[in-house]
Amino acid sequence: MVNPSEQVNKEKNIESVLQEARLFPPSPEFSADAHIKSLQDYEQLYAKAKTDPQAFWAELAEQELHWFQKWDQVLNWQPPTAQWFINGKLNISYNCLDRHLTTWRRNKAAIIWEGEPGDSRTITYGELHREVCQFANVLKDMGVKKGDRVGIYMPMIPEAAIAMLACARIGAPHSVVFGGFSAEALRDRLEDAQAKVVVTADGGFRKDKVVPLKSEVDKALEHGASSVEKVIVVERTKEPVTMKEGRDYWWHDLQKTASADCPAEIMDSEDTLFILYTSGSTGKPKGVVHTTGGYNLYTHMTTKWIFDLKDTDVYWCTADVGWITGHSYIVYGPLSNGATSLMYEGVPRPSNPGCFWDVVEKYGVNVFYTAPTAIRSFIQQGEHIPNARNLSSLRLLGTVGEPINPEAWMWYHRVIGGGKCPIVDTWWQTETGGVMITPLPGATTTKPGSATRPFPGIIADVVDKDGNAVPDNAGGYLVIKHPWPSMLRTVYNNPERFQKTYWEPITSVEGKPVYFAGDSARRDKDGYFWIMGRVDDVMNISGHRLGSMELESALVSHPAVAEASVVGVPHEIKGEDIYAFVTLENNYSASDELAKELKQHVVTEIGAIARPGTIQFAEALPKTRSGKIVRRFLRQIAAGEDIVGDKSTVVDPSVLDKLREKV
Ligand code: WT7
């Protein structure tokens with residue numbers, strides 16, 4: 001683990017962050033209208049949840065969700081296993097759809113969708129319910145039963161959300177794989193989840209290009225993933241695809257004849273809702289398991305209070321449904337609240353760098369949630385681009401995915417928010433299911449660069465590696481001290497890894513087990529959290545999580561590569577970029593062409609998000625006596641910093657100087 005106090009001193013940004021003295025209280029008008037209207041309201045809720053978490057969550061679960069049967073017990077906590085709402089019965093698709101149909105919301109827009117080429121669709125709650133029921137019946141006809149896993153590998157089109165909700169409706173856990181992952185990465189995930197059916201599309205539109213998806217599924221199934229029996233294909237781009245008789249079916253053919261009568265399956269609160277793969281510090285991605293009741297409640301409450309949703313709002317989260325942000329804050333959280341969730345297929349691209357602002361203007365978006373990396377690229381493009389659009393409908397902004405540097409925060413506030421919109425900087429993870437540390441926009445005075453304070457019910461702390469509290473402003477490891485409803489339940493088929501990754505790095509705090517987030521943080525005198533970044537070998541590239549070892553295995557699978565070590569280096573737009581040190585097999589020699597080929601090889605193995613920024617060829621890598629590569633020094637070399645730390649752990653320290661000379 002990286003020592004957080006070393007990290008504090010090293011990161012120059014943190015120095016400026018420490019000096020950050022600008023305060024942004026919510027305006028009285030915003031607060032008056034907000035769900036949570038004042039600091040006192042927040043503090044009261046927080047105190048209530050801390051004193052009696054079970055009563056706090058039970059009251060909300062009763063008020064906010066529909067249960068077919070009430071639970072007998074709120075929480076069963078057998079560390080590290082938590083169960084919420086024991087014996088409670090519900091269905092999240094019922095909470096996202098059916099219950100709105102008996103209200104005026106039946107004809108409210110559930111999803112407003114805009115395609116990259118400019119096509120669009122508005123789907124009401126009534127229509128969405130119908131489509132979901134039909135597709136649920138399609139899945140049943142394909143042999144999918146409660147408990148069977150379904151892979152979803154889709155572009156950002158409404159059918160992705162429909163497929164997720166249809167799985168939830170029949171109790172088949174979905175495993176969404178980001179459409180930017182390669183066939184190889186898809187295959188690994190489908191295999192681990194033992195998916196029975198895959199839902200995909202011919203392709204999608206992204207950055208002015210057609211991205212093929214069905215052909216990637218074909219490749220994935222050619223080399224494995226033998227559990228997959230059927231593939232359902234949405235026609236999106238109309239590019240030719242090969243359809244395998246008896247295995248592959250067109251979505252529109254099946255939907256046409258499917259019945260729209262499909263009552264929601266009665267699910268147990270602890271039945272698995274989905275598996276979502278995320279990178280860890282070992283080579284293989286982890287299947288993070290989320291269950292039904294706690295996840296439904298927590299994403300519902302966080303969406304309501306953090307995004308302060310009003311029934312008239314158009315809410316837009318720019319994430320992809322392939323990530324947890326898309327699951328929790330495009331699909332489940334907003335729809336459970338009966339909100340209008342905007343879904344956009346495109347990303348800022350050469351032909352229209354201002355496309356996001358066109359969408360804001362076209363639909364009068366009120367709440368906008370995006371990533372710091374996107375904000376930094378908007379800054380680079382220049383403010384004339386957003387300034388040329390009418391953004392006056394915006395009333396609340398959010399960010400997620402990585403620490404936001406105060407200057408980017410200020411720009412976002414001034415240029416996009418017109419100086420009047422609160423910003424919610426939300427810290428959370430795939431594992432946490434929902435936002436954990438965040439402002440509540442009508443209550444919290446924000447400080448640029450800080451995710452501020454924990455959501456009610458979240459007991460967060462900063463400790464040293466022995467679990468002792470650290471003083472204000474000293475860096476430490478971020479831990480969560482009490483289970484929360486949307487906590488991951490396990491790592492799919494790997495309970496040992498669940499235990500080892502999250503519950504062992506810090507054995508206990510005040511004698512009790514704690515969840516180790518893998519991040520370091522600092523807490524200031526006002527109790528505000530400042531997240532500093534990962535302390536494990538996980539990188540954050542443009543808000544996407546990638547493990548060093550995953551990249552290293554991709555590199556060494558190329559015949560030219562003998563050994564590889566990958567580290568993150570600071571990058572102005574991406575936050576971090578991938579820097580790979582590579583030694584070659586005897587019969588290969590370093591060249592620009594080979595570097596290019598290796599970068600492409602990683603793209604083929606993982607996907608375009610994993611393309612290394614730099615490949616540095618080396619004669620040798622710094623190793624310990626036991627043969628372990630010391631990434632700590634490589635990180636310093638890649639960043640062009642002085643080598644600090646005890647070099648005597650390295651067998652031949654001259655290796656370090658040689659690597660330096662080459663940078
Ligand atoms: C990691 C989780 C959950 C949303 C998307 C990423 C970093 C996330 C923030 C933030 C500073 C943040 C952390 C975390 N992170 N949000 N507001 N400030 N860092 O999900 O892929 O599971 O990655 O993203 O390092 O551990 P993820």
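A few remarks follow.
- Mean Cβ neighbour count within 10 Å, used as a protection proxy, ranking 231-242, 526-537 highest first: 526-537, 231-242
- Extent of the chain along its three principal axes (Cα atoms, max minus min coordinate, largest first): 73, 63, 55 Å.
- Other-chain or far-sequence residues with amide H under 5 Å of Ile111's (modelled H): Ile123, Ser341
- Remark on the chain: Cys96, Cys167, Cys317, Cys355, Cys421 stand apart, with no other cysteine beta carbon under 4.7 Å.
- The chain: relative contact order in percent, alpha carbon pairs under 8 Å with at least 6 residues between: 14
- Here is how the number arises for the chain: DSSP H runs of 4 or more residues each give -39500 (n - 2.57), the sum is divided by the residue count, and the result at 222 nm is -8500 deg cm²/dmol.
- Relative protection proxy for 570-582, 160-172, from highest mean packing down: 160-172, 570-582 (other beta-carbon atoms within 10 angstrom).
- Mean accessible surface per residue for segment 65-347, computed with a 1.4 Å probe while every protein chain stays in place, in Å²: 32
- Residues in segment 583-594 carry Karplus couplings, in order, of 9, 9, 5, 3, 7, 10, 10, 5, 7, 5, 4, 5 Hz; the curve used is 6.51 cos²θ - 1.76 cosθ + 1.60 with θ = phi - 60°, and Gly or Pro positions show x.
- Antiparallel DSSP beta bridges within the chain, percent to nearest 5: 60
- Whole-Hz ³J(HN,Hα) from phi, Karplus 6.51 cos²θ - 1.76 cosθ + 1.60, for segment 330-337, glycine and proline x: 10, 9, 5, x, x, 6, 4, 7
- Rounded to the nearest 20 debye, the dipole magnitude of segment 201-246 is 220 debye, with +1 charges on Lys and Arg beta carbons, -1 on Asp and Glu beta carbons, and the Cα centre as origin.
- Protection proxy ranking for 393-401, 646-654, 321-329, using the average of other Cβ atoms within 10 Å per residue and placing the highest first: 321-329, 393-401, 646-654.
- Along each principal axis, Cα extent of segment 65-347, largest first, Å: 50, 42, 38
- Scanning residues 5 or more positions from Val199 or on other chains, those with amide H under 5 Å from its amide H are Gly151, Ile152, Tyr153, Ile232, with H placed 1.01 Å from N in the peptide plane.
- Relative contact order of segment 521-663: 18 percent, from C-alpha pairs under 8 Å at least 6 residues apart in sequence.
- Cα lying deepest toward the dipole's positive end in segment 64-149, options Gly143, Trp67, Pro80, charges on Cβ: Trp67
- As a fraction of the 1.4 Å probe accessible area of the chain, surface on carbon and sulfur atoms comes out at 49 percent.
- Karplus-based coupling profile of segment 469-485, in residue order and whole Hz: 4, 10, x, 3, 6, 8, x, x, 8, 7, 10, 10, 9, 9, x, 10, x, with θ = phi - 60° in 6.51 cos²θ - 1.76 cosθ + 1.60 and x standing for Gly or Pro.
- Less than 5 angstrom separates the built amide H of Lys207 from those of Val347, all sequence-distant by 5 or more or on a different chain.
- Across segment 368-514, Cα pairs under 8 Å and at least six residues apart give a relative contact order of 16 percent.
- In a reduced charge model with +1 at each Lys and Arg Cβ and -1 at each Asp and Glu Cβ, the chain shows a dipole moment near 500 debye about its Cα centre.
- Sites Ser227 and Ser557 - FRET efficiency at Förster radius 25 Å, r taken between beta-carbons, to 0.05: 0.60
The values are calculated or read from the model by the stated rules, or taken from the named source; none is laboratory data. As the structure is a computational prediction, the values presented were derived from the model and not from experiment. Note that we place each Cβ from the backbone using ideal geometry, even for glycine, and neighbour counts take in every protein chain shown. When the accessible area is computed, the model is the full protein with side chains, heavy atoms only, and any ligands, DNA or RNA have been set aside. Shrake-Rupley method; radii C 1.70, N 1.55, O 1.52, S 1.80 Å.
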